[in-house]
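Encoded as C-alpha cells, the structure appears first; notes follow it.
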Amino acid sequence: MEKTTYSGARAVVTTGILSAIAILLGLTQWGFIPFPTGVQATILHIPAIIGGIVVGWPGGALIGLIFGVFSFLWSTVPLFKDPLVSIVPRVFIGITAYLAYVGLRRFNDTVALTVSAVVGTLTNSLLVLGMAVLRQYMPPELALTILIGNGIPECIVAAIIVVAVVKALKATRGGAVRKAKL
C-alpha cells in the first residue's frame, strides 16, 4: 500500500506548523465559525485532517492529540473536562482521514480529499458525541441534534478548506509530495 506523504524534516516541520495552527485557532477563537442558524462550526479539527493526508497517520494523530489536549485544558464546559470526551476521540481524526485518502486517491484526488475531510470531521463529531452519551453527559437525542446541526456545516467547511489547502500545497511544492511505501 502506498501513501502520499512528506518525509523526514519536512514531515516534522509540517506537523509542527499544523499543530501551531490548531493551537492558534483555539486560543484566538478563530476556530469557530458562526452560521446564521446560531450554530457554530469548528475548524479546529482541520489541521489534523490535513496532517493525516499530507504527513501520514502518525502526524495526523499527533495533531489531533494536541487539539484534544488544548480542548481539555481550555474548556469551560464540564463534559470537555473529561479526557475520554475531549482528548481520546481527537486522536483518531487524522488517522481516519489518512485511511480514507489512501483508499480513494488512486480513483480521483479531489474526491479523495473531499471524502477524507468528511470522514475526519465525522470522526470528531461521532466519537466526541458518542463518548459524551456513553459517559452520560447528554442523552442520545441531544447528541443527534448536535450532530445534525453542527456536523453538516462542519463537513462542508472542512471539505472546502482541506481540498483548497492540500491542492495548494501540492501545487506550490511542485511535486514535493512524493509516494512512499507504507
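Among the residues of segment 73-98, those identified as hydrophobic (A, V, I, L, M, F, W, C) and crowded, with 18+ Cβ neighbours inside 10 Å are Phe80, Val85, Ile87, Val91, Phe92, Ile93, Ile95, Ala97. Checked against (1) under 19 Å from Ile66 (Cα atoms); (2) in contact with a Gly (Cβ under 8 Å, 6 or more places away or on another chain); (3) buried (at least 21 other Cβ atoms within 10 Å of the Cβ), Ser116 passes all but condition (1). When the test is whether a residue is among the aliphatic types (A, V, I, L, M) and crowded, with 19+ Cβ neighbours inside 10 Å, Ala164 does not pass it. Put simply, of Tyr137, Tyr98 the only residue that is aromatic (Phe, Trp, Tyr) and in contact with a strand residue (DSSP E or B) (Cβ under 9 Å, 6 or more places away or on another chain) is Tyr98. Restricting attention to segment 137-173 and to residues that are among the polar types (S, T, N, Q) and more than 16 Å from Thr14 (Cα to Cα), the residue that is modelled with the lowest pLDDT turns out to be Asn150. Restricting attention to segment 53-69, and to residues there that are out of contact with any Leu (no Cβ under 8 Å at 6 or more places or on another chain) and not β-branched (Val, Ile, Thr), which single residue is surrounded by the fewest Cβ atoms within 10 Å (Cβ to Cβ)? Checking each candidate, the answer is Pro58.
The values are calculated or read from the model by the stated rules, or taken from the named source; none is laboratory data. Small disclaimer: the values here were computed from a predicted structure and weren't measured. As a convention, Cβ positions derive from the backbone with ideal geometry for all residues, glycine included, and neighbour counts pool all protein chains shown.
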